[in-house]
Amino acid sequence: MTESNPVASDPIRFLLNGRLVEAAALPTETLLDHLRERQHCRGVKEGCAEGDCGACTVALGELDGAPGAERLTWRAVNACIRFLPSVDGKEVVTAEGLAEDDGRGRLHPVQQALVDHHGSQCGFCTPGFVMSLFVDGLNRAVAGGDQRPTRDGLLDALSGNLCRCTGYRPILDAGLAAADLPPSQRWSAAAATAPERIERLRALQRPGGTALPGFRAPRSLADFAAAYAAQPDALILAGGTDVGLWVTKQLRTLPPILSIAEVAELRAVQTAADGSLILGAAVRLEEAFAALVAAHPALTELAGRFASRPIRNAGTLCGNVANGSPIGDAMPALIALGARVRLRQGEATRELALEDLYLGYQKKDLRAGEFVEAVVVPAARTEPGLDTRFALYKVAKRIDQDISAVCAGLAVTLQGGVVAEARLAYGGLAATPQRARHAEQALLGQAWDAVNGPAAIEAAVAALDADFTPLSDLRASQAYRRAVAGNLLRRFWLEGQGGARPLRIADIRPVAA
């Protein structure tokens with residue numbers, strides 16, 4: 001224990017499987033450790049301690065919406081990288097809390113289906129699968145309409161859960177079959193969102209936000225900005241999907257934490273008068289991608305492959321942007337779309353192009369006490385005579401839960417069939433997410449058709465060598481990254497030809513030895 005991480009003198013309060021818990025806590029104590037060691041919920045397991053395996057998955061219920069008109073929403077999250085103070089005023093449900101409370105302890109349909117379909121072998125991962133399937137089914141029930149699960153829907157719901165024994169077929173079979181079992185009375189849609197449940201959580205809310213030694217979570221933007229201006233060395237915490245690993249993996253002692261997650265103004269997705277999307281710093285990835293995909297459908301694949309649903313339920317888009325990792329998948333897409341970042345310092349704000357935020361590896365154009373308030377993403381261009389094309393490609397060793405070797409956000413605007421504007425952004429090729437300025441210049445003024453386009457594309461591919469000098473690491477070699485970056489640009493052009501010229505082996509350059 002250190003002076004920067006004292007035990008909280010005022011206990012946090014949350015509901016756990018329906019009962020009130022009041023607990024003193026270290027600011028960086030994880031929810032997983034608290035559940036296992038202090039609440040004896042041993043079904044919650046620690047597998048990876050970094051949010052990848054899903055053995056620690058729990059359901060988190062929290063109030064969303066304006067005071068007095070709140071709604072209760074349920075999300076599957078990873079307990080291993082969530083700090084305990086961040087669940088103050090919320091409800092946590094573990095696998096132990098799903099059975100009926102009628103004295104007979106009848107299993108929840110998801111649990112029973114996993115038994116019936118032999119979806120558990122060693123059992124270590126099973127509670128996490130149960131909780132992901134539970135939240136997925138509950139949210140479908142709350143939404144109403146056709147409540148039948150689909151295989152693809154379950155695959156997405158389980159993208160953050162890893163099983164090393166049984167394989168996924170019986171688990172998916174169980175997920176599909178659960179809908180045919182007698183529904184849960186304890187966890188019906190009505191019970192899970194009941195007014196009395198909302199009222200219990202409302203009574204736990206702190207008007208000024210959570211304020212504990214070493215951890216603060218203001219509720220207003222003005223309070224947050226003032227707090228950060230007064231203590232610029234504080235660590236800003238959003239969803240903790242990266243910062244959590246600093247504690248569980250790197251064993252760091254963190255400075256005082258200032259959480260942005262409860263700031264009401266920053267949890268909003270807004271549309272400006274010109275159609276731009278304004279995504280606040282506390283908007284979760286799941287909600288952010290829903291808005292982005294609606295405006296730019298080419299982001300659909302990235303939205304499904306960005307981490308996993310439990311990570312997207314906790315992490316934020318602006319957290320990914322503020323982190324500035326060279327392999328952060330959101331930045332190439334946002335840079336290609338011409339996104340700007342809105343920064344705030346006290347009462348003052350400024351905007352700059354997203355690519356200009358990054359000065360070098362883990363170096364950003366942020367002044368003391370300044371933070372990312374929002375990302376502003378322009379609407380798709382619809383001016384007469386202009387044809388804007390955009391695509392996002394992620395290349396990794398796995399479909400789900402994997403870090404990119406190369407990620408490319410590519411956009412061109414054509415006028416009369418000629419490239420009038422080009423924005424080509426790559427991740428994984430440099431110390432920061434970066435535009436390929438030389439390749440862009442090679443495309444400007446060039447025809448994009450099937451006759452002249454190949455020469456323009458090859459010139460742009462060759463120019464990539466002047467833009468990037470990739471590194472070799474465990475994910476990919478320098479030669480591989482160079483080849484992939486060029487081939488993604490070729491693919492972008494080929495797909496824009498309407499299938500007139502299919503991709504051929506001859507189109508792909510061999511990787512030099």
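The values are calculated or read from the model by the stated rules, or taken from the named source; none is laboratory data. These figures come from a predicted structure and were not determined experimentally. Glycine also receives a Cβ, built like all others from the backbone with ideal geometry; neighbour counts cover every protein chain displayed.
Considering only residues in the stretch 268-307 that are in contact with a strand residue (DSSP E or B) (Cβ under 8 Å, 6 or more places away or on another chain) and among the hydroxyl-bearing types (Ser, Thr, Tyr), the one that is farthest from Arg342 (Cα to Cα) turns out to be Thr271.
The selection criterion, being assigned by TED's automatic domain parsing to the domain that holds Leu424 and not hydrophobic (A, V, I, L, M, F, W, C), holds for Ser404. If you go through the stretch 483-496 and pick out every residue that is in contact (Cβ under 8 Å) with a residue 40 or more places away in the chain, over 27 Å from the mean Cα position of the chain (by Cα) and part of a helix (DSSP H, G or I), you end up with 2.
To keep it simple, each residue is scored yes or no on (1) closer than 30 Å to Ala380 by Cβ; (2) in the same structural domain as Asp64 (by TED's automatic domain parsing); (3) not β-branched (Val, Ile, Thr).
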{"position": "Trp246", "(1), (2), (3)": "no, no, yes"}
{"position": "Thr253", "(1), (2), (3)": "no, no, no"}
{"position": "Ile257", "(1), (2), (3)": "no, no, no"}
{"position": "Ile260", "(1), (2), (3)": "yes, no, no"}
{"position": "Arg267", "(1), (2), (3)": "yes, no, yes"}
{"position": "Gly275", "(1), (2), (3)": "yes, no, yes"}
{"position": "Leu279", "(1), (2), (3)": "yes, no, yes"}
{"position": "Arg284", "(1), (2), (3)": "yes, no, yes"}
{"position": "Ala288", "(1), (2), (3)": "yes, no, yes"}
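Here the strands (runs of 3 or more DSSP E) wholly within the stretch 191-266 that include at least 2 residues being within 24 Å of the chain's Cα centre (by Cα) are 215-217, 235-237, 257-259.
Val115 fulfils the conditions (1) surrounded by 16 or more Cβ atoms within 10 Å (Cβ to Cβ); (2) in a helix (DSSP H, G or I); (3) of a type in the set (A, V, I, L, M, F, W, C) except for a single criterion, (1). State all residues of the stretch 144-181 that are β-branched (Val, Ile, Thr) and modelled with pLDDT under 90; if no residue qualifies, say none. Scanning the stretch 144-181 gives a single hit, Thr166.
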